[in-house]
Amino acid sequence: MDNVLLNALLRPETIAVVGASSVPGKIGYTVLDNLIKCGYQGKIYPINPTATEILGLKVFPNIIEVPGKIDAAVITVPARLVPQVVEECGKKKVKGLIIITSGFAESGRRDLEEQIVETAHHYGMCILGPNIVGTLSNSDKLNASFAPFLPLNGKASLVTQSGALLIAIDAATYTRNVGFDKLISIGNMADVNIADLVIWLDEDPNTTCISLYIEGLKDGRQFIDAGLKAHKPIIALKSGVSAHGAAAAASHTGSLAGAAKVYGAAFQQAGVIQASDLSNLFDRTLALSLQPPMKGDNLIIITNGGGVGVLATDAAEKYGLPLKFAPEDVQTELKKYMPEFGSAKNPIDLTGQAGNEWYYDAVRYAIAQPWVDGMVVLYCETAMTNPTEIAHGIKKALNDSGITGKPVTVSFVGGEKSASAMTYLIKEGIPAYAAPDVAVNAMAALREYDNLRHMVSEAATPCAPSDQAAARAVIRRVREEGRNTLTEIEAKQVFSAYGLPITKTLLARTEAEAVKLAQKIGFPVVMKIVSPDILHKSDAGGVKVNIKDEASVHDAFRSILANARNYKAEASIHGIAIQEMAPWGTEVILGSVNDPTFGPTMMFGLGGIFVEVLKDVTFRVAPVSKGQAMRMLGEIRGAPILAGVRGESPRDREAMGNLLCNYSHMILELGDEIAESDANPVLVYEEGKGLKVVDARIILKKK
Ligand code: COA
């Protein structure tokens, strides 16, 4: 989406309200009133077929009769009239339409929605909405919405898919003391989508943090791309994470790929920080909009009370910033700013006697120490000290230190005096919270931001060269036979074309051939039925392992065939696979689905019981870099098993990293063909000894 068009839409110099009404209580009245009341400086044109003047402004019967240009039009006429109005706006060369009206795709009228988008695009216009509250901007004094007032002024901007939530957040900005520059309701996203607004807000001079409330993205990959390109922190709260696509999936991966996991992975890959709930969205947004990222893991906590210090210490561990003791020289210096019984280890406990001078000295010294990457300052209201003075002490110390690149968050625990001291701090650009764990969580968001920035800069290049043509040739043959399911042998050929180490597997059509191939591979071997109609081979009695000699090959061949026929008489049988019997290793599983929002998406976890019962898996949208692949290995609860527990040697993590990386490229490159796939189990050996994909499955998209 063109940012010039979005500028006209969201920061218009002239605006029309089509459907302006003189009847208080109507949305067309409220929007006009809001524009005037909130001090919009551009020209406002009310449009109404019968009125002549509303709220002191001259009314035009239709938009075409307005003299001069119009950047944006807010539309507040009923849905059935919107197509006509959009047409007229096009003729008037309006650039952006803010369509508040409901009654489109959200209520079954997708056709009407498509019609207005088509007309808008025909005339080169863009549409925000429909089905929205509107858009608000403090820096433009623009309230083009039916939300009652502009939000508390601040540096973050919020895009929300829920209009009702926008109005609630608007009011809550004042009670929660979290300011926003812009609040944008995006509604049905018929045209302008979240990714467009991320790109636009990234260039908006009045926005330092992009805050998102997301119900569902339309184009996940476009969103990831926008996130990757952004230069500002983005934080998202995703709702509706309960039952996404889990039902009808044939594979493990499909049934395990809940929205929470896939969105969580996509956010991470897009460099987007997550909020756990609405409250957390406010708290983290405040810190991200006011403070720089935390560039290392060393957090220092300065407090006047042991209790809040311990609460913050617990929170630090919980949110991934476990405290370390300050270096000796730092402790020695800090000891000067506290009584004998204080503690300079970390948390730095200045004790309840600490007044603003001690806070000043400790904060000023500590923030300047190279060891310190971020600071949380805590204060418990006491009878002897004055919260406002402490707040001023902290602010002055930070100013006097001359340090600007390190983040600081604050928590004052107490009553009204503490609350007003925190209001002062926030106005001065220091995020302050009523609870110590919240201040630590906000700091953790600043650390996450820095980590994510580094993560997204890694390029996702495949680890092994691939032969896409060979893989496609296998798929083409399967298609020619009118099948959607590859046999294990075919799936392994595709895997092998992408450098995935597979167990040697050959197809025997006759008993005699089976013996010959078993000798070629070397005993012991595994024998498996090869049939596109039998997906669950073991259930069909179609697998025999540890076959040690020729006689056993004959027996196995006959019994597998008999079992398969019993299981499914009409199954088409290609033959029997003779396979090298891989030595046993740690079982892991790899799988993929074609997620409706993000496309090819990969899963990794420990195999066997761990995947069945514990659902101990992690996801990424393909492709993944080697770095991301290695991170996936560490994300599952069973990670210590891969690292080596109880005297077991570590598993070959390097080989697993390569496997994940190559697998992700395979599912992406063949994304137009593969619906689902898995490598299950993959047997992983000790460090340096590699791994083997023992079984493989690929299901093609229906065409
Ligand atoms: N051009 C300009 N004005 C027109 C018009 C036209 N072609 N045709 C009609 N109007 C005027 C009407 O005369 C009326 O003004 P009046 O009060 O002076 O008569 C005004 O536009 C509004 O039309 P009306 O029929 O009274 O509609 P309404 O105000 O009852 O409802 C909506 C209009 C858009 C508010 C309503 O259809 C709707 O969608 N409501 C839900 C909106 C919402 O909640 N969105 C956010 C979801 S999160």
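The values are calculated or read from the model by the stated rules, or taken from the named source; none is laboratory data. Note that the structure is predicted; figures quoted are calculated from it, not measured. Using ideal geometry, Cβ is built from the backbone for each residue, glycine included, and neighbour counts are taken over all protein chains shown. Ligands, DNA and RNA are stripped out before the accessible areas are found, and what is left, the full protein with its side chains, is counted by its heavy atoms. Shrake-Rupley method; radii C 1.70, N 1.55, O 1.52, S 1.80 Å.
Taken about its Cα centre, the range 396-459 carries a charge dipole of roughly 160 debye when the Cβ of each Lys and Arg holds +1 and the Cβ of each Asp and Glu holds -1. Each 5 Å bin from zero holds the following percent of Cα-Cα pairs in the range 138-192: 5, 21, 32, 26, 11, 4, 1. The mean sequence separation of alpha-carbon pairs under 8 Å and at least six residues apart, normalised by the residue count of the chain, gives a relative contact order of 9 percent. Candidate cross-link partners of LYS218 among the aspartates and glutamates, defined by an alpha-carbon separation under 16 Å and a same-chain spacing of 8 or more, comprise GLU106, GLU113, GLU114, ASP191, ASP196, ASP595. Placing unit charges on the Cβ atoms of the charged side chains and taking the dipole of the chain about its Cα centre, the candidate lying farthest along the positive direction among LEU561, ASN546, GLN628 is LEU561.
Multiplying each eigenvalue of the alpha-carbon gyration tensor of the range 590-654 by 5 and taking the square root yields semi-axes of 23, 15, 7 Å, largest first, rounded to whole angstroms. Annotation for the range 284-367: chymotrypsin sites (Phe, Trp or Tyr not before Pro) lying in DSSP loop with at most 14 further Cβ atoms inside 10 Å of their Cβ are PHE325, PHE341. Protection proxy ranking, highest mean first, for peptides 223-229, 120-126, 178-184: 178-184, 223-229, 120-126, where packing is the per-residue count of other beta-carbon atoms within 10 Å, averaged. Both radii were evaluated on the Cα set of the range 543-659; the Rg over Rh quotient, with Rh as the Kirkwood radius, amounts to 1.09.
For the chain, the 222 nm mean residue ellipticity estimated from helices alone, with every DSSP H stretch of n ≥ 4 adding -39500 (n - 2.57) and the total spread over all residues, rounds to -12000 deg cm²/dmol. Evaluated at q = 0.09, 0.10, 0.18 Å⁻¹, a Debye calculation over the C-alpha positions of the range 382-541 (equal weights, vacuum) places log10 I(q)/I(0) at -0.59, -0.61, -1.15.
Enumerate the residues in the range 331-370 having an amide nitrogen under 11 Å from the point lying 7 Å beyond the Cα of SER401 toward its Cβ. Inside the label zone: 360-370.
In loop segments of the range 330-415 as defined by DSSP, the GluC sites (Glu not before Pro) with at most 14 further C-beta atoms inside 10 Å of their C-beta are GLU340. Here the range 576-698 exposes an accessible surface that is 55 percent carbon and sulfur, computed with a 1.4 Å probe and the other protein chains kept in place. For the range 384-489, chymotrypsin sites (Phe, Trp or Tyr not before Pro) meeting the loop criterion (DSSP other than H, G, I, E, B) and having at most 12 other Cβ atoms within 10 Å: none.
For the chain, the antiparallel share of DSSP beta bridges with both residues in that region comes to about 50%. Plainly put, the chain has a radius of gyration that is 1.08 times its Kirkwood radius, both from alpha-carbon atoms, as the Rg/Rh ratio. If every alpha-carbon in the range 505-561 counts as one equal scatterer, what log10 I(q)/I(0) does Debye give at q = 0.21, 0.27 1/Å? Debye curve over Cα of the range 505-561, log10 I(q)/I(0) at q = 0.21, 0.27 Å⁻¹: -0.72, -1.15.
Relative to the longest principal axis of the Cα atoms of the chain, the long axis of helix 468-480 lies at roughly 70 degrees. Only aspartates and glutamates eight or more places from LYS626 in sequence, or on another chain, were considered; those with a Cα closer than 15 Å are GLU458, GLU635, ASP652, GLU654.
Counting every C-alpha pair in the range 4-59, the share spaced more than 16 angstrom apart comes to 39%. Considering the range 613-703, its Cα convex hull presents a mean projected area of 6.6 nm². Among the listed pairs LYS141/LYS182; LYS395/LYS427; LYS504/LYS702; LYS261/LYS702; LYS492/LYS528, those whose Cα-Cα separation exceeds 19 Å are LYS504/LYS702; LYS261/LYS702. Diffusion of the range 402-455 by Stokes-Einstein, at 20 °C in a medium of 1.002 mPa s and with Rh set to the Kirkwood radius over alpha-carbon pairs, works out to 178 µm²/s. Given R0 = 51 Å, the distance between the Cβ atoms of SER420 and ARG637 translates into a calculated FRET efficiency of 0.70.
Computed from the C-beta positions of ASP533 and LEU614, the FRET efficiency with R₀ = 30 Å rounds to 0.45. Considering only alpha-carbon pairs that sit under 8 angstrom and 6 or more positions apart, the relative contact order computed for the range 476-583 is 36 percent. Pairs over the 26 Å Cα-Cα cut-off, from the set LYS324/LYS615; LYS26/LYS238; LYS345/LYS406; LYS345/LYS417: LYS324/LYS615; LYS26/LYS238; LYS345/LYS417. Protein heavy-atom accessible surface, 1.4 Å probe, per residue over the chain: 40 Å². Where a Cα-Cα gap under 12 Å defines reach, which aspartates and glutamates qualify for LYS516, not counting those fewer than 8 residues away within the same chain? Output for LYS516: ASP549, GLU550. Rounded to the nearest 10 degrees, what's the angle between the helix 550-567 long axis and the longest principal axis of the chain, both from Cα atoms, 0 to 90? That helix lies at roughly 60 degrees to the long axis. From zero up to wherever the largest Cα-Cα distance of the range 72-173 sits, split into 10 Å bins and tell me the percent of pairs in each. Going from the shortest bin to the longest, the percentages are 15, 45, 30, 11, 0. Percent of C-alpha pairs per 5 Å bin in the range 305-420, short distances first: 2, 11, 23, 26, 23, 12, 3, 0. Over the range 449-528, Cα pairs under 8 Å with separation of 6+ residues give a relative contact order of 24 percent. Annotation: the range 481-520 has a Kirkwood hydrodynamic radius of 11.7 angstrom, from the mean reciprocal C-alpha pair distance. Scaled to the globular estimate 2.2 N^0.38 Å, the Cα spread of the range 460-597, given as radius of gyration, is 1.12. Using only side-chain charges placed at the Cβ, +1 for Lys and Arg and -1 for Asp and Glu, the dipole size of the chain relative to its Cα centre rounds to 860 debye. Placing one equal scatterer on every Cα of the range 285-325 and applying the Debye formula, the log10 ratio I(q)/I(0) at q = 0.17, 0.22, 0.24, 0.35 Å⁻¹ is -0.54, -0.85, -0.94, -1.11.
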